[in-house]
Amino acid sequence: MRRREFIKDSFLALVGAGLLPNLAFADLAFENGDEFVASDEIATFNSVFAKLKSVQNEVGFGKFNIISFDEVLAVAKYSSKIEKFSQVELNLIEKLYGEDPSKYGFYGNKTCSSLTEAISQKDIIKIPLTGHYLFKGLAHQAYENLLRDVGSSLFLTSGVRSVSKQLFLYMNKIKNSGYNITKASKSLAPPAHSYHSIGDFDVGKKGFGALNFTEEFIRTEEFKKLISLKYVSIRYTKKNLDGVRFEPWHVQVV
């Protein structure tokens, strides 16, 4: 990953190859000094992402939420459908995990001590009908209280995330942002910096669909009730110091 110091022709070549959305976007990003996946790393980036997706398909959505990186490597190595990660791919993963995200405009705290940090099954509980987990204790109790105080129309949209799951989501966000790491980092925490690994969770209104992950969520009665409660708060408020977009659905346990 590096700043776009190479000539603009190389940058725009990615657009011509269909790797960036359009010329207008490319020109704007170039002028803004956003950081992108380097052109010589895109193929490796795509192969890593594809393997992570294959591991998720292999183990299932729920299990992948809490899978450790060592387990990911083992699944890829021994599955007949997935090739094991190459050293070049592992180097890129280490880079994505370990680099300082402040150069991308993300200033949140580091929440994981290592890439191989694992989540203990004894510390989490699976929430029925969601495919997600919460940490036992404060997080789970807060969610139960929300169901009581806000109502059963509220539901868990994302809970505990392992480093591997956050890495997958982060890479997916980068890919969908035209390989723009700066843009992606403003809407999803890098893999070592997710508060989902220490107790935060996302909620939504049943039947509200994708609008649960937009500012439209603040118009719901569920949100209005949620913010009146003293035992939870919104982690990523408007103009938060972490540099992340406003996320009214992201709950922090107080």
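Multiplying the sequence separation of ARG148 and ARG245 by 0.36 nm and subtracting their Cα-Cα distance, what value in nm do you get?
Details: separation 97, 0.36 × 97 = 34.92 nm, distance 2.86 nm.
Here the segment from ARG148 to ARG245 would lengthen by 32.1 nm.
Each of SER152, SER185 has its accessible area taken with a 1.4 Å probe; listed largest first, they run SER152, SER185.
Which trypsin sites (Lys or Arg not before Pro) in region 38-102 pass both tests, a DSSP loop state and at most 13 other beta-carbon atoms within 10 Å? Don't skip to the end; give the middle numbers.
On the way: sites: LYS51, LYS53, LYS63, LYS77, LYS81, LYS84, LYS95; in loops: LYS81, LYS84.
Those that pass, being in a loop and sparsely packed, are LYS81.
Couplings 3J(HN,Hα) for region 87-96, derived from phi with the Karplus relation 6.51 cos²θ - 1.76 cosθ + 1.60 (θ = phi - 60°), are 5, 5, 5, 5, 5, 5, 4, 4, 5, 4 Hz, where x marks Gly and Pro. The string of couplings for region 32-38 from the Karplus curve (6.51, -1.76, 1.60, θ = phi - 60°) is 6, x, 4, 9, 10, 4, 4 Hz, one whole number per residue in order, with x for Gly and Pro.
Could you list the trypsin sites (Lys or Arg not before Pro) in region 193-231 that lie in coil according to DSSP, counting only those with at most 16 other Cβ atoms within 10 Å of their Cβ? If you can, show how the numbers build up before the last one.
On the way: sites: LYS205, LYS206, ARG219, LYS224, LYS225, LYS230; in loops: LYS206, LYS230.
Hits after loop and neighbour filter: LYS206, LYS230.
Based on C-alpha pairs under 8 angstrom that are at least 6 apart in sequence, region 173-230 has a relative contact order of 17 percent. Relative to the longest principal axis of the Cα atoms of the chain, helix 163-176 runs at roughly 60 degrees. A 1.4 Å probe, protein heavy atoms only, puts the accessible area of VAL253 near 40 Å². A Gaussian network model of the chain, with springs between Cα atoms under 10 Å, assigns the largest mean-square fluctuation among ALA184, ALA192, ALA50 to ALA50. Mean-square fluctuations from a GNM of the chain, with a 10 angstrom spring cutoff on Cα atoms, peak among TYR107, TYR231, TYR133 at TYR231. Here region 78-117 exposes an accessible surface that is 48 percent carbon and sulfur, computed with a 1.4 Å probe and the other protein chains kept in place. Between PRO128, PRO191, PRO101, the Gaussian network model of the chain with springs among Cα atoms under 10 angstrom shows the greatest mean-square fluctuation at PRO128. Counting only alpha carbon atoms, the long axis of helix 138-149 and the longest principal axis of the chain meet at about 60°. Computed over region 151-254, relative contact order equals 29 percent, with contacts defined as Cα pairs under 8 Å that lie 6+ residues apart. Only protein heavy atoms count here; on that basis, with a 1.4 Å probe, SER158 has an accessible area of about 10 Å². Mean sequence separation of contacting Cα pairs (under 8 Å, at least six apart), scaled by the length of the chain, corresponds to a relative contact order of 19 percent.
The values are calculated or read from the model by the stated rules, or taken from the named source; none is laboratory data. All values derive from a computational prediction rather than experimental measurement. A quick note on method: Cβ atoms are made from the backbone with ideal geometry, for glycine too, and the neighbour counts reach across all protein chains shown. Ligands, DNA and RNA are stripped out before the accessible areas are found, and what is left, the full protein with its side chains, is counted by its heavy atoms. Shrake-Rupley method; radii C 1.70, N 1.55, O 1.52, S 1.80 Å.
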